[in-house]
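Below: one structure, written as structure tokens.
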Amino acid sequence: MTGAAYKLVDRGEWAAAREAGTYAGSAVDLADGYIHLSDAGQLAETARRHYAGRADLMLVAVDLRPLGDDLRWEASRGGALFPHLYAPLPVAAAVSERPLSVDAEGVMRFDDGAVGWP
């Protein structure tokens, strides 16, 4: 599949992960047994469905290559294949981070003033 995926993460959780070197996942990830990721084409809908009205988030771009066999592309929303990570996410796999919030309508609003996803 693609070489990168994205994770919307609470800023406090991501700060703790940076200190620890790994991100174990959100409460939903932990309950489901894997870390939910989205590819670029899935990200806006993920934000709208699951993060509307949330502030203090980070958008973390993840290089998928070092994740190896712990990464699986599995059918989810509408049968689309989503990247699921069955291991903690190494912070070293993060290639970029952007602070943002998701407004009540589900639109991503980045702290640098950008709106939406490309």
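The values are calculated or read from the model by the stated rules, or taken from the named source; none is laboratory data. All figures in this text were calculated on a predicted structure; none of them were measured in a lab. Counting neighbours? That spans all protein chains shown, and the Cβs are built from the backbone with ideal geometry, glycine included.
Among the residues of region 67-76, is any at pLDDT 95 or above and of a type in the set (Ser, Thr, Tyr)?
No, because not a single residue in region 67-76 is at pLDDT 95 or above and of a type in the set (Ser, Thr, Tyr).
Can you find, within region 60-77, the residue that is nearest to Asp10 (Cα to Cα) among those that are assigned to a strand (DSSP E or B) and without any contact (Cβ under 8 Å) to a residue 40 or more places away in the chain?
For region 60-77, the residue satisfying everything is Leu71.
I'd like to verify a number: residues in region 1-29 that are out of contact with any helix residue (DSSP H, G or I) (no Cβ under 8 Å at 6 or more places or on another chain), among the aliphatic types (A, V, I, L, M) and part of a loop (DSSP other than H, G, I, E, B), how many?
Total meeting the criteria: 1.
Answer yes or no: is there a residue in region 78-89 that is surrounded by fewer than 17 Cβ atoms within 10 Å (Cβ to Cβ), touching a residue at least 12 places away in the same chain (Cβ under 8 Å), under 12 Å from the mean Cα position of the chain (by Cα) and farther than 18 Å from Asp111 by Cβ.
Within region 78-89 (the criterion being surrounded by fewer than 17 Cβ atoms within 10 Å (Cβ to Cβ), touching a residue at least 12 places away in the same chain (Cβ under 8 Å), under 12 Å from the mean Cα position of the chain (by Cα) and farther than 18 Å from Asp111 by Cβ), the answer is no, since none of the residues qualifies.
Considering every residue within region 48-56, establish whether at least one is at pLDDT below 95, assigned to a loop (DSSP other than H, G, I, E, B) and surrounded by 13 or more Cβ atoms within 10 Å (Cβ to Cβ).
No, region 48-56 contains no residue that is at pLDDT below 95, assigned to a loop (DSSP other than H, G, I, E, B) and surrounded by 13 or more Cβ atoms within 10 Å (Cβ to Cβ).
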